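First up is the structure itself, then whatever we jot down about it.
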Amino acid sequence: MIIHYKIEFHTDWHCGSGLAAGADVDALVVKDENGMPFVPGKTMKGLIREAVEEIRHLQGKDLNDTELAEAFGSEVEKEKYDVRRGTMFFANALLETNEYDAIVSNKAARFMYRDIASTAIDNDGIAKEHSLRKIEVVVPCTLHGEIHGVPQDLTDEIKNSFGFIKRMGQNRNRGLGRCTIYSVSVEKEGGEQ
């Protein structure tokens, strides 16, 4: 099965690239070859797996289910930990094609971002020395993604897990990344709905 979903960001968000922009910005968002933002499939995989496990925990179900391990992947103990790939594939979540193409063709990708600054404050209400930090964020937008190879038995659980994901990315506890994820459609592999 293929699940199509959309992420509607209500606030600025930051999925980090691990890169900085020299002395100007401490943390840049992940971007594609055209400088456009996206949410990596591996980020969605982790969030959805955590949400499915939380739902199962609340329902009193077994979290060491082999079905979950086969679908999401698992660590296999050998001499060192190894990872077994799951049957599901999580594509990156992107802007809609028309919107994406319009922004890229008009060289307007820079308008998708802004920088925000924060600093640590001491007990006297004074900024701590050398604590100023600037990060790049993406303005609120809507992204679309797909999950391929979803076992039919897990389809409803994965769709239900979307409601458990309320924020994503860095600084979630400070108001960034507030979002709603919706299931758009489910189809069988090969295009049949």
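Bear in mind that the values in this text are calculations on the coordinates, not laboratory data. Just so it is clear, the structure is predicted and the values come from calculations on it, not from any experiment.
When the chain is fully extended, how far beyond the present Cα-Cα distance does Lys42 get from Phe164, taking 0.36 nm per residue of separation?
Values: separation 122, 0.36 × 122 = 43.92 nm, distance 1.73 nm.
Taking 0.36 nm per residue and subtracting the Cα distance, the gain is 42.2 nm.
Multiply the residue separation of Thr87 and Tyr182 by 0.36 nm, subtract the distance between their alpha-carbon atoms, and state the gained length in nm to one decimal. Intermediate results must be reported in sequence, preceding the final value.
Working: separation 95, 0.36 × 95 = 34.20 nm, distance 2.22 nm.
So the extension gain works out to 32.0 nm.
Between Leu58 and Asn98, what length in nm is gained on full extension when 0.36 nm per residue of separation is reduced by their alpha carbon distance? Each step should come with its number before you reach the end.
Working: separation 40, 0.36 × 40 = 14.40 nm, distance 4.03 nm.
Using 0.36 nm per residue and subtracting the Cα-Cα distance, I get 10.4 nm.
Filter Lys31/Lys61; Lys107/Lys188; Lys107/Lys134; Lys107/Lys159; Lys31/Lys188 down to the pairs with a C-alpha to C-alpha distance above 28 Å, please.
Values: Lys31/Lys61 38 Å; Lys107/Lys188 37 Å; Lys107/Lys134 24 Å; Lys107/Lys159 35 Å; Lys31/Lys188 30 Å.
From Lys31/Lys61; Lys107/Lys188; Lys107/Lys134; Lys107/Lys159; Lys31/Lys188, over 28 Å: Lys31/Lys61; Lys107/Lys188; Lys107/Lys159; Lys31/Lys188.
Taking H placed 1.01 Å from N in the peptide plane, check which residues at least 5 places from Ala93 or on another chain put their amide H under 5 Å from its amide H.
Distant-sequence amide H within range of Ala93: Val39, Gly41.
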